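Report on one structure; see the data block that follows.
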Amino acid sequence: MTENEMAGLLRGRGHMGLSLPGWGNRSVWGWDSRECTLYAQLWEDSDRRDEPTIWLHPVTGRWPVLTEPMALVLCLVMSTGCTTNDALLGLAAANRAAPSRTSGPGG
């Protein structure tokens, strides 16, 4: 899938909730059209800070530009310890749900 195809699929969807075990209360993901990358902002369910516990985005200097969904899945697995199956199901569930009220980059 090209960046333009990815952007087209996700444009207008907003920041979607990300349902991962132990991370699902406030976590979101989406497409940052300014940086042309997928991103995720992850809060552990017990974390009450405003800033995400983990921010998968190139602006942090820790993560590359993510243009493929499987790259985002692998980053979710590496950063949270969830299974690949949990990450795939979390993204798929969010794709069917309404956009989250949480704002993120590029939006």
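The values are calculated or read from the model by the stated rules, or taken from the named source; none is laboratory data. For clarity, every value in this text was computed on a predicted model and none was experimentally measured. Methodologically, a virtual Cβ is constructed for each residue, glycine included, from the backbone with ideal geometry; neighbour enumeration extends over all protein chains shown.
Counting residues in the range 20-33 that are over 19 Å from residue 65 (Cβ atoms), in contact with a Phe, Trp or Tyr (Cβ under 7 Å, 6 or more places away or on another chain), modelled with pLDDT of 90 or more and among the small types (Gly, Ala, Ser) gives one or more. One residue stands out in the range 17-33 among those that are assigned to a strand (DSSP E or B) and touching a Ser or Thr at 6+ places or on another chain (Cβ under 6 Å): the one that is surrounded by the fewest Cβ atoms within 10 Å (Cβ to Cβ), namely 17. As a summary of the residue check, residue 76 satisfies the conditions (1) in contact (Cβ under 8 Å) with a residue 24 or more places away in the chain; (2) surrounded by fewer than 17 Cβ atoms within 10 Å (Cβ to Cβ); (3) not in a loop (DSSP other than H, G, I, E, B) except for the one numbered (2). Considering the range 34-44, and only residues there that are at pLDDT below 95 and surrounded by fewer than 21 Cβ atoms within 10 Å (Cβ to Cβ), the residue that is nearest to residue 72 (Cα to Cα) turns out to be 36.
Limited to the range 36-56, what total is found for residues that are outside any strand (DSSP E or B), under 12 Å from the mean Cα position of the chain (by Cα) and small (Gly, Ala, Ser)?
Qualifying residue count for the region: 0.
Could you list, in sequence order, the residues of the range 44-69 that are under 17 Å from residue 93 (Cβ atoms) and either in contact with a Phe, Trp or Tyr (Cβ under 9 Å, 6 or more places away or on another chain) or without any contact (Cβ under 8 Å) to a residue 40 or more places away in the chain (or both)?
Filtering the range 44-69 down to residues under 17 Å from residue 93 (Cβ atoms) leaves 45, 69.
Once the filter is applied, which keeps residues that are under 17 Å from residue 93 (Cβ atoms) and either in contact with a Phe, Trp or Tyr (Cβ under 9 Å, 6 or more places away or on another chain) or without any contact (Cβ under 8 Å) to a residue 40 or more places away in the chain (or both), the range 44-69 yields only 45.
Inclusion of residue 59 among residues that are assigned to a loop (DSSP other than H, G, I, E, B) and at pLDDT 90 or above is not warranted.
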